[in-house]
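> So that we are looking at the same thing, I have put the structure below in structure tokens.
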Amino acid sequence: MGQTPQDTRRRQRLQELGGAAIRAFTGEAELQLRAGGLFHRHRRVSMPAPHLKLQPEGGSLRDYRGSADGMALRWRCSDARLHRELCPAEPVPRLVFELLEQLRAESLAPAGLPGMRDNLERRFAAWSHEFHHSGLNETAFGVLLYTLAQMAWARLNARPVLAETEDFIEATRAGIAPLIGRELALLKRHREDQALYARAALAIADTVQGLLQTEREALGGASDESAEDEALQAALRLLFDADEESGDEGGVAVGAGPGRVFEDAEGGYRVFSTRYDREVPAAGLVRPELLRELRERLDEFTREQGVNLARLSRRLAALFARPARDGWNFGEEEGYVDGSRLSQLVSSPAERRLFRTVRMRPGSDAVVGLLIDCSGSMRAHIEKVAVLVDVLCRALHQAGVSSEVLGFTTGAWNGGRVQQEWMAQGRPPHPGRLNEVTYMVYKDAETSWRRARGSLAALLKPDLFREGVDGEAVDWACNRLLARDESRRVLLVISDGCPMDTATSLANDRAYLDRHLKTVLERRDRQGEVEIYGLGVAQDLSPHYRHCTMLDLSRGLGNRVFADILDMLARKRA
């Protein structure tokens, strides 16, 4: 069964709480828990331990806290550089070594934090139950890995093994205890010294590799060998993501696909031709008669939603408010001396109201950009998205906040004229972006909502929606905001998934545009000049955007949707 928007929002909230716990314990403000892993800014921190991973359908608050506490201890208690230097390259020894290092870090939980210790124990027990009931321990390798995990955890934490499976692992434990008993004792003795601990962990990893090789040789051509291979691959998938690639700082790029074209290309992202790219007013793409009809439809849709516009504008005004100087208050008993009133000191020596103070009022010095993904898949949601944009613009206008509405798509399906040029030139390899992009301006920041309301209705014209090159569009929208004088610049990207252009993906690789989007978001976030937020339309955008929320438009566009957006903005601002 697929995830509902409510499930996704709940999972995002649990990850936010887990991320807050990680930041509090480590003191590192740039750590986040999202997309099922730990991120430092836009880089995924490699923590391949099976019991830290949660199932896609999520878990309880205690599951997330246990996983978050394990990650926090690994970040704080493990030297990532030393670990990478010592970590074996072979999959099975690496699996064992990673698991043992994670268990070492968790065993160092402070005695003064009993709640953390309880969370870690419950999370490990939950993973043990999941592994045991998944069937992975029905093979020799599965039971070997499971038994080793139970023995190491019990030794490091001075706790008994999981009672439910104690009888199940007894025979295997008795068989491997003479082989690794000394090393297990060394793990306990050196758990506070990572280098010495690693020696014992590597010895155990080599022993497990040898036992596995002996088992495979004993099977020979038996039919069980394929089952063993499947069990091994399943266990490895529990530990390592299929698309994981180590980064310089021990992280991996978000959503990194199997392709390497983007990284291998000189200068990174490429554009084969910009000859046909264009930026156009959206109203100019629709006949005036049709535009009026679309505006009437949009007004009707808006009335049906019943959004409390006055309350929304008040919340926006409070959210973007900042103190602004608004002249002087005269006749005060303290403050700056008012020279125009000094004569009163002669005529009325007892007069004390001779001062003036600065009068302050709440004001707004912000601009909000709304960037809409006009790809073909968004057509199914565009009526509600158009209402969302229209209401937001109107409320921002009433709150005294400038806004602009932008859209991005491609000029053609499957490459169009750019792809034809590439084919005419002999199809050189890795050409980069292989389509013509179209940027549409529905409303600029200088235009009021009332004057732009007709242009906003162009969002309802379905044949303007084709494919999407998100990374370049985000850069374009940010540059427009940076040309403004406001001190605070906010960009809301409304999208329903990853970038997609068929011609570009086929000529490069399927992750090419996705990787470029991650690079753009990381660079813009590092610069800190524009706050970028993702509004996912029936999609979780957390693999792409540090700050995002999922919009549940299936039940209409009520006040709850706008409250979710404002809550997201408020959390980031706090």
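> Can you report the number of residues in the stretch 456-483 which are surrounded by fewer than 16 Cβ atoms within 10 Å (Cβ to Cβ) and outside any helix (DSSP H, G or I)?
1
> So which pairs qualify, if the first residue must be in the stretch 479-491 and within 21 Å of residue 547 (Cα to Cα) and small (Gly, Ala, Ser), the second must be exposed (fewer than 15 other Cβ atoms within 10 Å of the Cβ) and modelled with pLDDT under 95, the Cβ gap must be under 9 Å, and the two must be at least 6 apart or on different chains?
Every condition considered, the pairs that remain are 487/322.
> Here's something else I'd like to know. Taking the conditions exactly as written (in contact with a His (Cβ under 9 Å, 6 or more places away or on another chain) and in contact (Cβ under 8 Å) with a residue 24 or more places away in the chain), does residue 475 satisfy them or not? Break it down stepwise before answering.
On the way: in contact with a His (Cβ under 9 Å, 6 or more places away or on another chain): no; in contact (Cβ under 8 Å) with a residue 24 or more places away in the chain: yes.
Answer is no for this residue.
> Something else now. Do we have residue 499 as free of Cβ contacts under 8 Å to residues at least 40 places away in the same chain, surrounded by 19 or more Cβ atoms within 10 Å (Cβ to Cβ) and either more than 15 Å from residue 373 (Cβ to Cβ) or out of contact with any Cys (no Cβ under 9 Å at 6 or more places or on another chain) (or both) here?
On the way: free of Cβ contacts under 8 Å to residues at least 40 places away in the same chain: yes; surrounded by 19 or more Cβ atoms within 10 Å (Cβ to Cβ): yes; either more than 15 Å from residue 373 (Cβ to Cβ) or out of contact with any Cys (no Cβ under 9 Å at 6 or more places or on another chain) (or both): yes.
Here the answer is yes, as residue 499 does meet what is asked.
> Name the one entry in 550, 568 that is at pLDDT 85 or above and part of a helix (DSSP H, G or I). So that I can check it myself, show each step before the final result.
Numbers: 550 fails: part of a helix (DSSP H, G or I).
Within the list 550, 568, the selection yields 568.
> So which residues in the stretch 173-193 are surrounded by fewer than 17 Cβ atoms within 10 Å (Cβ to Cβ) and not in a helix (DSSP H, G or I), if there are any at all?
Hits for the stretch 173-193 are 192, 193.
> Tell me, which residue of the stretch 343-378 that is under 46 Å from the mean Cα position of the chain (by Cα) and loosely packed, with under 15 Cβ neighbours inside 10 Å is nearest to residue 294 (Cα to Cα)?
362
> Restricting attention to the stretch 521-573, and to residues there that are within 23 Å of residue 37 (Cα to Cα) and of a type in the set (Phe, Trp, Tyr), which single residue is surrounded by the most Cβ atoms within 10 Å (Cβ to Cβ)?
545
> Write out, first by first residue and then by second, each pair whose Cβ atoms fall under 9 Å of each other, whose residues are 6+ apart or on separate chains, and whose first residue, in the stretch 122-133, is farther than 14 Å from residue 163 by Cα while the second is among the polar types (S, T, N, Q).
Between residues of the stretch 122-133 that are farther than 14 Å from residue 163 by Cα and residues that are among the polar types (S, T, N, Q), the close pairs are 123/67; 130/55; 131/137.
> Does residue 72 satisfy the criteria of being part of a helix (DSSP H, G or I), without any contact (Cβ under 8 Å) to a residue 40 or more places away in the chain, closer than 25 Å to residue 111 by Cα and assigned by TED's automatic domain parsing to the domain that holds residue 115? First the steps, then the outcome.
On the way: part of a helix (DSSP H, G or I): yes; without any contact (Cβ under 8 Å) to a residue 40 or more places away in the chain: no; closer than 25 Å to residue 111 by Cα: yes; assigned by TED's automatic domain parsing to the domain that holds residue 115: yes.
Against the criterion (part of a helix (DSSP H, G or I), without any contact (Cβ under 8 Å) to a residue 40 or more places away in the chain, closer than 25 Å to residue 111 by Cα and assigned by TED's automatic domain parsing to the domain that holds residue 115), residue 72 does not qualify.
> Residues that are of a type in the set (Gly, Ala, Ser): list the strands (runs of 3 or more DSSP E) wholly contained in the stretch 363-454 that include at least 3 such residues. I'd like the intermediate steps shown before the answer.
On the way: elements: 366-373, 402-410, 437-443.
Per the criteria, 402-410.
> Taking the options 81, 10, 62, 44, name whichever one is of a type outside the set (Asp, Glu), modelled with pLDDT of 85 or more and either assigned by TED's automatic domain parsing to the domain that holds residue 159 or more than 19 Å from residue 131 (Cα to Cα) (or both). Talk me through it step by step, then tell me what you get.
Details: 10 fails: modelled with pLDDT of 85 or more; 62 fails: modelled with pLDDT of 85 or more; 44 fails: modelled with pLDDT of 85 or more.
Just one listed residue meets the conditions, 81.
> Which of (1) closer than 29 Å to residue 508 by Cα; (2) modelled with pLDDT under 95 does residue 450 not meet, given it meets every other one?
Here residue 450 clears every test but (1).
> Hey, any hits in the stretch 513-529 for a residue that's modelled with pLDDT under 90, within 11 Å of the chain's Cα centre (by Cα) and assigned by TED's automatic domain parsing to the domain that holds residue 481?
Within the stretch 513-529, none of the residues are modelled with pLDDT under 90, within 11 Å of the chain's Cα centre (by Cα) and assigned by TED's automatic domain parsing to the domain that holds residue 481.
> Another question, if that's okay. Which is surrounded by fewer than 19 Cβ atoms within 10 Å (Cβ to Cβ), modelled with pLDDT of 55 or more and either assigned by TED's automatic domain parsing to the domain that holds residue 51 or among the β-branched types (Val, Ile, Thr) (or both), of 225, 230? Even if it seems obvious, please write down each step before you answer.
Numbers: 225 fails: modelled with pLDDT of 55 or more.
Answer to the selection: 230.
The values are calculated or read from the model by the stated rules, or taken from the named source; none is laboratory data. All figures in this text were calculated on a predicted structure; none of them were measured in a lab. We place every Cβ from the backbone using ideal geometry, glycine too, and count neighbours over all the protein chains shown.
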